[in-house]
Amino acid sequence: MEISLDINGSPERLSVEPGVTLLDALRERLDITGPKKGCDRGQCGACTVHVGGRPVLSCLTLAATVREPVTTVEGLAPDGELHPVQRAFADQDAMQCGFCTSGQVMSAVAAVEQDVPDVREFMSGNLRRCAAYPNIVAAIEQARSTDASV
Ligand code: FES
């Protein structure tokens with residue numbers, strides 16, 4: 001089937017099978033590799049992107065069902081200047097290998113924009129293997145003190 005997507009402000013037309021996930025459409029068809037395939041079953045958060053400004057798990061989202069603009073981590077810094085949340089992650093050393101970082105950043109941006117009361121609870125769907133959880137919370141708190149709108 002033919003689908004149209006708005007990805008980071010760019011219109012894209014794709015021919016996909018109905019069962020193709022947004023994650024696979026992004027990574028394998030559009031070469032947008034910021035969203036990572038960790039578990040591919042909705043358990044790790046590595047594939048998190050924004051659809052219509054809300055964080056979603058792209059591995060559980062069928063590309064053909066997407067009607068609103070999609071933002072991936074690549075779309076946070078279109079002019080090369082880091083988004084305040086990305087800057088805060090760097091400042092707070094909130095990453096190690098980096099595999100989960102793009103998903104963490106996308107959820108963190110939503111946490112900042114929504115001014116969530118419980119950052120740890122909000123971020124609980126994004127897993128990591130290293131011990132940088134406190135650094136991520138610190139990064140989100142730092143970003144909250146700056147203009148973190150996308
Ligand atoms: Fe989507 Fe793990 S790859 S939640």
Restricting the range 1-23 to residues that are part of a loop (DSSP other than H, G, I, E, B) and closer than 22 Å to residue 76 by Cβ, which is farthest from the chain's Cα centre (by Cα)? 9
Name every residue in the range 11-37 that is near the ligand (Cβ under 7 Å from one of its atoms) and aliphatic (A, V, I, L, M), in order of residue number. 23
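If you take the residues of the range 38-57 that are more than 6 Å from the ligand (Cβ to nearest atom) and either touching a Lys or Arg at 6+ places or on another chain (Cβ under 6 Å) or outside any loop (DSSP other than H, G, I, E, B) (or both), which of them is nearest to residue 97 (Cα to Cα)? Show your work before the answer.
Initial filter on the range 38-57 (more than 6 Å from the ligand (Cβ to nearest atom)): 41, 48-56.
This time we only want the ones that are either touching a Lys or Arg at 6+ places or on another chain (Cβ under 6 Å) or outside any loop (DSSP other than H, G, I, E, B) (or both), so: 48-51, 54-56.
Numbers: 48: 17, 49: 19, 50: 23, 51: 26, 54: 26, 55: 22, 56: 23 Å.
Residue satisfying both the conditions and the ranking: 48.
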Which one is nearest to the ligand (Cβ to nearest atom), of the residues in the range 58-91 that are within 13 Å of the chain's Cα centre (by Cα) and assigned to a helix (DSSP H, G or I)? 59
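What number of residues in the range 123-145 are in a loop (DSSP other than H, G, I, E, B), out of contact with any strand residue (DSSP E or B) (no Cβ under 9 Å at 6 or more places or on another chain), crowded, with 18+ Cβ neighbours inside 10 Å and of a type outside the set (A, V, I, L, M, F, W, C)?
Summing the residues that are in a loop (DSSP other than H, G, I, E, B), out of contact with any strand residue (DSSP E or B) (no Cβ under 9 Å at 6 or more places or on another chain), crowded, with 18+ Cβ neighbours inside 10 Å and of a type outside the set (A, V, I, L, M, F, W, C) in the range 123-145 gives 1.
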The range 77-94: number of residues that are in contact (Cβ under 8 Å) with a residue 40 or more places away in the chain and open to solvent by 40 Å² or more (accessible area, probe 1.4 Å): 5
Note down all Cβ pairs under 8 Å where the first residue falls in the range 43-69 and is open to solvent by 20 Å² or more (accessible area, probe 1.4 Å), the second is part of a strand (DSSP E or B) and among the hydroxyl-bearing types (Ser, Thr, Tyr), and they're at least six residues apart or on different chains. 53/71; 55/48; 56/48; 57/48; 60/21; 61/21; 62/21
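The values are calculated or read from the model by the stated rules, or taken from the named source; none is laboratory data. If you're wondering where the values come from, they're calculated on a predicted model, not measured in any experiment. Note: ideal-geometry Cβ built from the backbone for every residue, glycine included; neighbour counts use all protein chains shown. Just the protein is used for accessible areas: all its heavy atoms, side chains included, with ligands, DNA and RNA removed. Shrake-Rupley method; radii C 1.70, N 1.55, O 1.52, S 1.80 Å.
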